[in-house]
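Reading through the structure tokens given below for one structure.
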Amino acid sequence: MSGEVVLAELRLWLGTPYLHQASKRGVGCDCLGLLRGVWRSLRGPEPCAVPPYSADWAEAGRREVLREAAELYLTPLPPEAPELPGEVLLFRMFEGSIAKHLGFRASAGPQGSFIHAYSGHGVVESALTAPWARRITGRYRLI
């Protein structure tokens, strides 16, 4: 399955309201819920149950739970891999904090964008501006 297939599924989620720990298209989801819902649509049942988690982007834990799960269930992309639509982007929002946000690349290049579930906005496509891009801490292929 190509990144374009992933992107087509993601576009169906645009406008879904933000709802912490939810993952139902049109009803509500957070960033992990968006990934979970797209996974179910394109790959089938989720590989494991997701334990409760905090919505705090500035969480100062030591264990990179989101990164560990990404490394286990997704395909890591090396830094030199071309940027392609549909790849999963993992973000560390604050220096010294753990990675707590993710989205999917919608388009690459200087005018790049990504799709994510964003508190107060729902599932949106945002410009991948320098403030967002410098927070990327991992890139992965879903399929």
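Only one residue of Leu42, Gly3, Ala70 has its Cα farthest out toward the positive end of the dipole of region 1-79, where Lys and Arg carry +1 and Asp and Glu -1 on Cβ, and that residue is Leu42. Taking chymotrypsin sites (Phe, Trp or Tyr not before Pro) across region 1-80, the ones in a DSSP loop with at most 14 further Cβ atoms lying within 10 angstrom of their Cβ are Tyr53. Dividing the helix sum by the residues of the chain, where each DSSP H run of 4 or more adds -39500 (n - 2.57), gives a mean residue ellipticity at 222 nm of -7500 deg cm²/dmol. Across the chain, the longest run free of exposed loop sites, meaning trypsin sites (Lys or Arg not before Pro) lying outside DSSP classes H, G, I, E and B with no more than 10 other Cβ atoms within 10 Å, spans 64-133.
Considering only protein heavy atoms, what per residue accessible area in square angstrom results for the chain with a 1.4 angstrom probe?
Solvent-accessible surface per residue comes out at 52 Å².
Scaled against 2.2 N^0.38 Å for its residue count N, the alpha carbon radius of gyration of region 1-93 is 1.11. In the chain, the sites counted are GluC sites (Glu not before Pro) in DSSP loop states with at most 11 other Cβ atoms within 10 Å, and the longest stretch holding none of them, exclusive of the sites, is 1-79.
Once the gyration tensor of the Cα atoms in region 64-141 is diagonalised, the equivalent ellipsoid follows with semi-axes of 18, 16, 12 Å, ordered largest first. Largest GNM mean-square fluctuation across Pro131, Pro51, Pro110, computed for the chain with C-alpha springs under 10 Å, falls on Pro51.
Distance between the 7 Å Cα→Cβ label points at Arg43 and Ser126: 2.3 nm.
The values are calculated or read from the model by the stated rules, or taken from the named source; none is laboratory data. Just so we're clear, the structure is a prediction, and the values are computed from it rather than from any experiment. Neighbour counts are summed over all protein chains in view; Cβ atoms, including those assigned to glycine, are modelled from backbone coordinates with ideal geometry. Quick note on the areas: whole protein, heavy atoms, side chains included, nothing else; ligands and nucleic acids left out. Shrake-Rupley method; radii C 1.70, N 1.55, O 1.52, S 1.80 Å.
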